[in-house]
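Data first, discussion second: the structure below is written as structure tokens.
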Amino acid sequence: MKRRTFLKKTAFTTAGSLLIPQFLKAYEQKHFGQKLLNDKILVVIQLSGGNDGLNTVVPFRNDIYYRERPSIAINQNNVLRLNDEIGFNPALEKIKELYDNGLVSVINNVGYPNPDRSHFRSMDIWQTGSSSEEYLSSGWIGRYLDAQCIGQSCLPHQALEIDDTLSLALKGQQVNGLSLQNPEKLYRQTQSAFVKTLTDIPAADNHDNVAYLYKTLAETVSSAEYVHTKAKVNKSRMMYPTTELGKSLNTIAELITSGVSTSVYYVSLSGFDTHIRQNDQQDRLLRQYAEAVSIFVNDMKANSRLDDVMVLTFSEFGRRVKQNASSGTDHGTANNVFLIGGPKRTRPILNEAPDLTNLDNGDLKYSIDFREVYATLLDDWLHTDSTKVLTQKFNKLPLF
Amino acid sequence: MDAIQHQRTIQHLFWRAGFGASPSEVKKAMSISRLQLVKSLFRDSSNIKLLTQVSDAPAQDLKNIRQAVKQNAGGSREDLRDKLKLMAQERRESISSLNDAWVAQMGNGAYAFREKMALFWHNHFACRSRAVGFIQQQNNTLRTHALGKFGDLLMAVSKDAAMLQFLNNQQNRKRSPNENFAREVMELFTLGRGQYTEQDIKEAARAFTGWGFNINGDFVFRENFHDDGLKTIFGKSGNYKGEDVIEMLLANPKTALHISTKIYRAFVNEKVDEAHIAAMAKRFYHSQYNIADLMEYVFTSDWFYHSVNIGAQIKSPVEYLSGLQRTFNLDFVDKTPVLYTQKILGQVLFNPPNVAGWPGGKAWIDSSSLLSRLQLPSVLFRNETINVSVKESGDVNEEQLVRKNKFEINMNWQDFAHSFESIPDAALCKTLASYLLQVPINDATIKRIENKVSAPERSETVKQLCISLMSTLEYQVC
């Protein structure tokens, strides 16, 4: 059996075995009939807590950096040099290897006007793609999902978060993404006899919200079954680290190589709020990050999918230039963003290094709005209309 | 109107003016007139029960920190760090005990309506603070003015330490104005978006300069930080102070319209009805913003009881929790589940996502929160385990909630089943459904539930039927 036929067939048996509302079946037919399965894929890694960008991409020739961080600055000799100005934290050794192969873009000074130093608010801003003056109740990936709906029919599993609960980033106005720790667990949850009863029998009431609840459950059951069935196709041959992020990226890799039609994956790594004794903590986390990502990239390469997969890494803010009294750093503003995978880079370092002589109250000034990064990925990678998702037009960056 | 419809309108009032009611309360209420019932709910809430969980003065926390630093002068850094860490832990414990206390107050006692209003204002004047004393103080302010004059409430909240801190008015000074408070007071608290200019915000921010709070959480007007120059706001000029701006905001009927719209969306239906809201706004404005009068008008209007409005709302996680307590007279023995449930369903009291509050409605529901909601009744009453881990916020000061997958509750099913003694077996499931669900459910679902449940004892049958009925999609609305 050809791969496409196989996928098509399983999709139909899946939908048919449960009494999924007609519109969903129609959608799946359309979906599998017309659209080529996942062409380009975006994997978002969120570093929660505010990763210290200056100790991640180190300005190792800068006197101000060493002066302001007497006990936490990364020794010049240990820095993994990218050019004669900046270099990676040694914990990012594995990322450096990818960088040397032209697979990494470093974007410096990413932020937004009037930065907010609260974790919650700043994460809110990054996840919704809002300005610091507006409050949105939907996320940028959620609105990307909205844009993929055909009429009333949408597919939650086009955006998957590897977690038990769903982040605001994946909540749309019309449809929400799906969150799962792993396909098996979600599948089990949706297969209880009682959930089946609920999806079997139609509502006796016509309130809008009741219909919405029925629709959400039907979509969840259908998506869970679809993902679960697909995920069995391909098991990874790589040895992923046993860290949470390692496991999550392993799951993502299996879903991608099995041909699940998910365009955006979302996963978080927490613990970057390093107010106290930063270096041990950050070193450990960056190493975890680098090891998991590098295996993932190699896995994609081995499966000939690397050209189609891009990993975006961000944090809600960077940290202050000056270290604090506890060998840590406090909440700051602009930060660097990484893009890993996809086509070979012509400009691995997109823009200028942070200017430590031109600070705003001790904080870095941003020069690239994070929504420019989003807009570029939406338009040029996911091939959707970024102005619809971000509600306004942003400059595009020469990323790839 | 048939008996079940009548019963649902009574339950509708209990849900919207509170957090639902037990079957025996509903039965009692069915024998009096609607007007009498509304009056009794208002009467029950005429007293105020303040939260007193945090016994320290609002600023005790800050004082403790300063003292620790002072005492530690010369001591080792590690010592100080440990001390501060301990204090942070105490702070977390007291904020979660405050959370428990509020949920308990919503779920028990006579003050349901006032607590429901306090919850509404908590979402309207959404605010977060690390200072637990400030949080309790603000919450009590909301409770005290919940049914009074909106103008008094607005003024009290604007001069409240937690809000001044949250919206940076402490930093709003003559030579470096901070516009955060001035913007939100117009956009979110009173007029609504689009009813003012950026220039109005700039000028109003100048009027609010000098508004701050002292270490005890009391409002202070710091004259030397105040810009007493001429300001032009909404086309009028004067040497305005903050109080003058609040007066101007109240004088504008758009404020009455904005608040009435929010009240309609929260207490009646997310889908607005312009005519009903216009009538509400007019009345609200002419009563000098009398909140109790407005709510009484809503609850005694015929349109409030239209079938489009009954069962039209998705229960918020807090309504879900408090509703359980009210319907079943149950107590959470171990308080961890109270916080855990709020976290997995996406609403933690005192932690609104931002100053705009929780978006609510459909936003409560996604695949994960819905599956958790469907599983919760079994977790609560059948001691099933729930295997959902809570997201870490990334903030090192936030509590890392330990996964607690068994809930201990106090609930007497014999008492509960007592209300249904006279109901024949064949009608039991349908009767329970009429008390637990605010919308009709398909007969086929009732049949399946009936077929599934068989127990030797009546109270056990009632229990199993209730769990199944609560695990439906229909139970998610009120």
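No lab work stands behind these numbers, since they all come straight from the coordinates. On a predicted model such as this, the values are computed, not experimentally measured, just so you know. Using ideal geometry, Cβ is built from the backbone for each residue, glycine included, and neighbour counts are taken over all protein chains shown.
Between A:PHE370, A:PHE317, A:PHE194, the Gaussian network model of chain A with springs among Cα atoms under 10 angstrom shows the greatest mean-square fluctuation at A:PHE194. Each Cα pair under 8 Å and six or more residues apart adds its sequence gap; the mean of these over the residue count of the stretch B:413-476 is a relative contact order of 45 percent.
For B:VAL220, the residues 5 or more places off, or on other chains, whose built amide H falls under 5 Å of its own are B:GLY212, B:PHE213, B:ASN214. Helix-only estimate, please: 222 nm mean residue ellipticity of the protein assembly as shown, summing -39500 (n - 2.57) across DSSP H runs of length 4 or more and dividing by its residues, to the nearest 500. My calculation for the protein assembly as shown gives -14500 deg cm²/dmol from helical runs alone. Name the shape class, rounded, prolate or oblate, that the alpha-carbon gyration tensor gives for chain B, where a ≥ b ≥ c are the square roots of its eigenvalues, rounded holds for a/c under 1.5, and otherwise prolate holds if a/b is larger than b/c and oblate otherwise. Here chain B falls in the oblate category. Each of A:ALA147, A:VAL297, A:ILE72 was placed along the dipole of chain A (beta-carbon charges, centred on the mean Cα), and the one lying farthest toward the positive end is A:VAL297. The relative contact order of chain B, computed from alpha carbon pairs under 8 Å that lie at least 6 residues apart in sequence, is 17 percent. In summary, the lysines within cross-link reach of A:LYS396, defined as a Cα separation below 28 angstrom excluding same-chain residues under 8 places away, comprise A:LYS35, A:LYS40, A:LYS96, A:LYS171, A:LYS301, A:LYS344, A:LYS365, A:LYS388.
For the protein assembly as shown, can you list the cysteines whose C-beta has no other cysteine C-beta under 4.7 Å from it? Here B:CYS127, B:CYS429, B:CYS466, B:CYS478 come out as lacking a disulfide-compatible partner, given the Cβ-Cβ threshold of under 4.7 Å. Amide H contacts under 5 Å for A:SER315: A:LEU47, restricted to partners 5 or more places along the chain or on a different chain, H placed in the peptide plane at 1.01 Å from N. Using a simple spin-label model with pseudo-atoms 7 Å out from Cα toward Cβ, A:SER367 and B:SER459 lie 7.4 nm apart. Taking every Cα-Cα distance in the stretch A:47-145 and sorting them into 10 Å bins from zero, the calculated P(r) comes out as 13, 34, 29, 20, 3 percent.
Both numbers refer to the Cα atoms of the stretch B:413-476; Rg and Dmax are 10.8, 30 Å. Amide H to amide H, with H built 1.01 Å from N, B:LYS231 comes under 5 Å of B:GLY238, B:ASN239, B:TYR240, counting only residues 5 or more places away or on other chains.
What the phi angles of the stretch B:412-426 give under the Karplus curve with 6.51, -1.76 and 1.60, with θ = phi - 60°, is a coupling list of 9, 6, 4, 4, 5, 5, 3, 4, 10, 4, 7, 7, x, 3, 4 Hz, glycine and proline written as x. Counting Lys and Arg as +1 and Asp and Glu as -1 over every other residue whose Cβ lies under 15 Å from the Cβ of B:LYS241, the net charge comes to 0. Using a basic spin-label model with each label point 7 Å from the Cα along Cα→Cβ, how many nm lie between B:ALA426 and B:GLN199? Going from the B:ALA426 label point to the B:GLN199 one covers 7.7 nm. A straight Cα-to-Cα reach below 27 Å connects B:LYS85 with the lysines A:LYS322, B:LYS63, B:LYS70, B:LYS335, B:LYS343, B:LYS391, B:LYS404, residues fewer than 8 places away in its own chain not being considered. Grab the other residues whose beta carbon is less than 13 angstrom from that of B:GLN171, score K and R as +1, D and E as -1, and report the net. Computed value for this residue: +4. With θ taken as phi - 60° and the Karplus curve 6.51 cos²θ - 1.76 cosθ + 1.60 applied, the whole-hertz 3J(HN,Hα) list for the stretch B:6-12 is 4, 4, 5, 5, 5, 5, 4 Hz, x standing for glycine and proline.
Summing charges over neighbours of B:TYR475, with a neighbour being any other residue whose Cβ is under 10 Å away from its Cβ, gives +1 when K and R count +1 and D and E count -1. One Cα centroid belongs to the stretch A:377-397, the other to the stretch B:427-478; the line between them spans 49 Å. Within straight-line reach of B:LYS174, meaning a Cα separation under 21 Å, sit the following lysines at least 8 residues removed in sequence or on another chain: B:LYS159, B:LYS202, B:LYS231, B:LYS236, B:LYS241. Scaled to the globular estimate 2.2 N^0.38 Å, the Cα spread of the protein assembly as shown, given as radius of gyration, is 0.98.
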